[in-house]
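FYI, it's all coordinate maths here, none of it is from the lab. Bear in mind that the values here come from a model prediction, so they are computed numbers and not experimental data. Because the Cβ atoms are built from the backbone with ideal geometry, glycine has one as well, and the counts that use them run over all protein chains shown.
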Amino acid sequence: MAISLPSAISQEALRELQSALDSERVLSSESDLREWRDPFQYATWDEYVAAAVVLPESVEEVQAVVKIANRRGIPLWTTSQGRNNGYGGPAPRVKGSLIVSLKRMNRVLEINEELGYAEVEPGVRWFDLHEAIQAGGHKLMLSVPDIGWGSVIGNTLDHGMTYLPYGVDMGMACGMEVVLADGSVLRTGMGAMPDNSSWHLYKRGLGPTLDQLFMQSNFGIVTKMGIWLMPEPEVFMPLWARVWRDDDLGPFVDTLRRLSLDGTIRCVPQILNTAVYASVVTDRRLWWQDEGPIPENMLDKMARELEIGRWLLRFGLYGDEAVVDHRFAKIKAAFEAIEGAEVWGSKCAPSEIAALPNPAERVQGGVPGLELNAMAAWYGGEEGGHIGFSPIAPLTGTDAMAVRDLLRGMIEQAGLDYMAVLIPANARSFAHVTLIIFDTKDETQARAAYDVAKRLVRDSAKLGYGEYRAHLDFMDLAADQYSFGDHAYLRFCETIKDAVDPNGILAPGKQGIWPASMRGGRSQD
């Protein structure tokens, strides 16, 4: 049975959408819409639910949907695969929105081995692009995130991390096609010139570079993107390093920074604490069944028995074997100057990466998987969930320790385990990806997780650490922390929003950017 639709999406509007697409690709039944909720919200919470979903299959159909929405004042919320779990999944910021799912626009349009790039639509998953590269016999590698079921474009637009050298500073995107709020189509960079041969090769163009305006924004709907691919090296060497004391994090980070700045390490590493890596390889109940977070003595026990240390670094080397050998020797000497630290790894050919037994090593080698999604089961098993809180900090030991102490203290006060993944986006900064894991069936624990996330936003900002990627539930709060010049940045974004989307139909509220008609409803909870 169809749910009661808000006045903005009338039955007449649904019929018009069905005419533009077809009835099977316009969904409004209660059972259909369950798939489009925040997957980790408690079952009875309904702040972020859609009124209907459309599934266009072409740029022309996206244009048709946008034109209908613009004429009728329907708020749209665009998703690619809808797998942005931990940040709200496919759910819309405004209750009663029309979700535009691009999952059926799933073609790999081109793979160019000579110049090392691909062109994809937004429904293309990391799995899909990797499989297309392999099927074509291309000697190319794709920098992938930890979970392969998401969209290449969707992840990129939200500044998601990937781990090969081409993932540094989220640098793989080059050249977009964008449907604007009035239904017109724009191409960025060199693509603004018809039939330009360098659209996916040169990241700028003539005049202002617009690509970043369509990342984490609500100024348009991206329907194509170029993605740079890395030529296969002679060897890949997945590497690990571990330290055994919690306070070894400081020298660990300082050593990593020095090796990254001088180019010895050229990739996007991860530094994982004991609990977060344990969540992938073991069951929490085997270690702790009492109330509250796992205590320090038990974390030390887990670190030793699972052989993962208190902090575990995952990274890799790529290149000619002689160069890899030289860099490995330098890395090993640098890290093992920290008392008790250990570094290890084994080389392999690119053709052998897919057969590596450790899924984390496969991801570091560009082979997507799903195994690391197991961490959400730390509380609640199959019904476990998480919220991502990820402030950016300078890549120094002092900052790493300060962020650790703040976040760990607040999360443990909420009765939850401190789960940390430090990901250097480049050689100078890192995202402290905080996985606030909870049992989605337990409303008290779920509320504690959502509440502590909001407190973390405020208290991290007081120390100068800003969120780089915000959950639906605290997008406004995160944006409010960027208040320099009386919120000059947000006011500039709002000026752009009013110019390019005067009716405010595209993803109202995304990252705190509201159209003029809705700014009075901004939430700072």
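Summarising the strand pairing of the chain, around 90 percent of its internal DSSP beta bridges are antiparallel. For the range 108-231, the normalised intensity computed at q = 0.12, 0.17, 0.18 Å⁻¹ comes to -0.40, -0.83, -0.93 (log10 of I(q)/I(0), Debye sum over alpha carbons, equal scatterers, no solvent).
For the range 323-423, a/c is not less than 1.5, where a ≥ b ≥ c are the root eigenvalues of the C-alpha gyration tensor, and a/b does not top b/c. That puts it in the oblate class. In order along the range 388-405, the Karplus-derived 3J(HN,Hα) couplings, from 6.51 cos²θ - 1.76 cosθ + 1.60 at θ = phi - 60°, round to x, 10, 9, x, 9, 9, x, 7, 10, x, 4, 5, 4, 5, 5, 5, 4, 5 Hz, and Gly and Pro are given as x. Label zone (Thr209, point 7 Å along Cα-to-C-beta; backbone nitrogen cut-off 16 Å) within the range 255-299: none. A Förster radius of 56 Å combined with the Cβ-Cβ distance from Gln134 to Ser483 puts the calculated FRET efficiency at roughly 0.75.
Of interest is the spacing of the C-alpha centroids, which for the range 407-424 and the range 44-111 amounts to 32 Å. Legend: P(r) of the chain from all alpha carbon pair distances, 10 Å bins from 0, whole percents, reading 4, 18, 29, 27, 16, 5, 1, 0. For the range 61-138, applying the loop criterion from DSSP together with a ceiling of 15 other beta carbons within 10 Å to the GluC sites (Glu not before Pro) yields Glu113, Glu114. Relative contact order of the range 11-101, taken over Cα pairs closer than 8 Å and 6 or more residues apart, is 36 percent.
In order along the range 356-370, the Karplus-derived 3J(HN,Hα) couplings, from 6.51 cos²θ - 1.76 cosθ + 1.60 at θ = phi - 60°, round to 4, x, 8, x, 5, 5, 5, 4, 5, x, x, 10, x, x, 10 Hz, and Gly and Pro are given as x.
Shape of the range 235-472 from its Cα gyration tensor (a ≥ b ≥ c, root eigenvalues): rounded if a/c is under 1.5, otherwise prolate when a/b > b/c, or oblate? Cα axes put the range 235-472 in the prolate bin. Note on Ser198 and Glu307: their simple-model spin labels are 5.2 nm apart, each label 7 Å out from Cα toward Cβ. Our summary gives the range 108-231 a relative contact order of 31 percent, counting only alpha carbon pairs under 8 angstrom and 6 or more residues apart. Simple spin-label estimate for Ser31 and Glu60 gives 3.3 nm between the two label positions (7 Å along the Cα-to-Cβ direction from each Cα). Relative contact order for the chain: 16 percent, from Cα pairs under 8 Å spaced at least 6 residues apart, divided by residue count. For the range 149-211, trypsin sites (Lys or Arg not before Pro) are listed when DSSP marks them as loop and at most 12 other Cβ atoms sit within 10 Å of their Cβ; the list is empty. For the range 478-505, backbone nitrogen atoms closer than 20 Å to the point 7 Å from Glu16 Cα along Cα-to-C-beta are found at 501-505. Applying a DSSP loop filter and a limit of 11 other Cβ atoms within 10 Å to the GluC sites (Glu not before Pro) in the range 335-417 leaves Glu339. Normalised Debye scattering of the range 482-521 at q = 0.24, 0.26, 0.32, 0.33 Å⁻¹ gives log10 I(q)/I(0) of -0.75, -0.86, -1.14, -1.18, counting only Cα atoms as equal scatterers and leaving out solvent. Phi angles across the range 438-447 convert, under the Karplus curve 6.51 cos²θ - 1.76 cosθ + 1.60 with θ = phi - 60°, into 3J(HN,Hα) values of 7, 8, 5, 7, 9, 4, 5, 5, 4, 5 Hz, Gly and Pro given as x. In this calculation the C-beta distance from Leu115 to Ala354 is compared with R0 = 25 Å, giving a FRET efficiency of 0.55.
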